[in-house]
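The values are calculated or read from the model by the stated rules, or taken from the named source; none is laboratory data. What you see is a predicted model; the values in this text were computed from it and never measured. Positions of Cβ are generated from backbone atoms using ideal geometry, with glycine treated the same way; all protein chains shown enter the neighbour counts.
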Amino acid sequence: MKTKALTGAEAAAEAMRQIEPDVVPMYPITPQTQIVEVYSQFVADGLVDSEAVRCESEHSVMSVAIGASTAGARVMTATSAQGLAYMFEPLFIVPALRLPIVMNLVNRALSGPINIHCDHSDGMAVRDSGWITFYCEDAQEVYEHNLMALRIAEHPDVQLPVMVCQDGFITSHSLVNVDILDDKIVKDFIGKRKPAFDFLDTKNPISVGALDFYDYFFEHKKQEFDAMEASREVIKEIYEEFSKISGKDYDFIEKYQTEDAEHIIVAMSSACGMLKNAVDELRKKGKKVGLLKIVLFRPFPESEIAQALNNAKSVIILERMSGFGAYSPLYNEISAALFHYPKKPKMVNYVFGLGGRNFGMSDALALYSELEKIDGEFLDEHNKLRYWGVRE
């Protein structure tokens, strides 16, 4: 193992270099561009034997990915925001065809107004598209989850696509030290793809993209549902296998000093680093606070989250995404997870950081102060959804 100074985007490209997918369809879009730019250089330098396909749009990117994967190729790609929106149509086809494509999503606000900075509106817009989805705190997690994502996607009990998400600019363009495994160890871990079917196998012809009316459509969607559920155990298996070569423990969620915590913030991605620092500072002052970090968003780790929050007095669900006419997606999911528990914490949904609005240490500390106030408040539909850091 060696340590390299890499951005989150470079960490994704480095993982892709070690995996060496057969086909990498690509189209540049800020802040994802660095991933395909770096990988294109790997191809140009002869470091990988991948077919880099420079497409005319993101819709074409996913269409090429589908065609290549259907033909038995190992496929990886990347996008952000409007690019993800542009590939919306073929995006849903991928899990329906059970294609194990891995895509890095560098989270960026969906326009409009036009914005190139981070929030989670792009990823949340496709949360029910059938893609397994991870949200990474830092470049290290980006690197590691790219390697694990491929094994998860290609597992015979899963055969579903995977998104590995990181925060635009905050993670994708921040230079940090990343522990990189030896190439041979990665190659041995990844292995060769064994496709469930091969469109080019003329001895065993298959139909792809056939019309599927009410006579079979429901059954085929049920197979997707079952595969997503099956992925829970597969992810655990891959986590355990990967921990043996990395020396690290992995889980669907990360419980940071939550065991005895009375007040907990739930968050995803880069904000968790700042929140951990706040927890450490407040713990020194005797405050019983903690952080619950969500790593796996689809399939949603309902029981794990419910058990982690069940004994807290008050909880803030902090999300870089605002529902219009509703709470944010993460708040809704966690509310449903806790519904059947007789004892529930008081919960408030805080929307923050939209369009890249800064979130610093003072914000993190102030939010934990808000948690103590929530404990004594009466909560109804008028005060459970709040906005942090917005100018009124």
LYS344 versus (1) surrounded by 13 or more Cβ atoms within 10 Å (Cβ to Cβ); (2) in contact (Cβ under 8 Å) with a residue 40 or more places away in the chain; (3) of a type outside the set (Val, Ile, Thr): which is the lone unmet condition?
-> (2)
Would you check if there is a residue in region 96-109 being within 21 Å of GLY273 (Cβ to Cβ), modelled with pLDDT of 95 or more, out of contact with any strand residue (DSSP E or B) (no Cβ under 7 Å at 6 or more places or on another chain) and of a type outside the set (Lys, Arg)?
-> yes
Unique residue being under 28 Å from SER129 (Cα atoms) and either assigned by TED's automatic domain parsing to the domain that holds ALA125 or assigned to a loop (DSSP other than H, G, I, E, B) (or both) when the list is GLY355, GLY323 = GLY323
Within region 107-120, tally of residues that are in contact with a helix residue (DSSP H, G or I) (Cβ under 8 Å, 6 or more places away or on another chain) and buried (at least 24 other Cβ atoms within 10 Å of the Cβ) | 5
What strands (runs of 3 or more DSSP E), lying completely within region 157-270, carry at least 3 residues that are surrounded by 19 or more Cβ atoms within 10 Å (Cβ to Cβ), touching a helix residue (DSSP H, G or I) at 6+ places or on another chain (Cβ under 7 Å) and outside the structural domain of GLY72 (by TED's automatic domain parsing)?
-> 263-267
Subset of region 26-51, residues outside any helix (DSSP H, G or I) and surrounded by fewer than 16 Cβ atoms within 10 Å (Cβ to Cβ), comes to ASP45, GLY46, LEU47, ASP49, GLU51
Taking region 357-369 as the search range and keeping residues that are touching a residue at least 40 places away in the same chain (Cβ under 8 Å) and touching a strand residue (DSSP E or B) at 6+ places or on another chain (Cβ under 9 Å), which one is farthest from ASP119 (Cα to Cα)?
-> TYR368
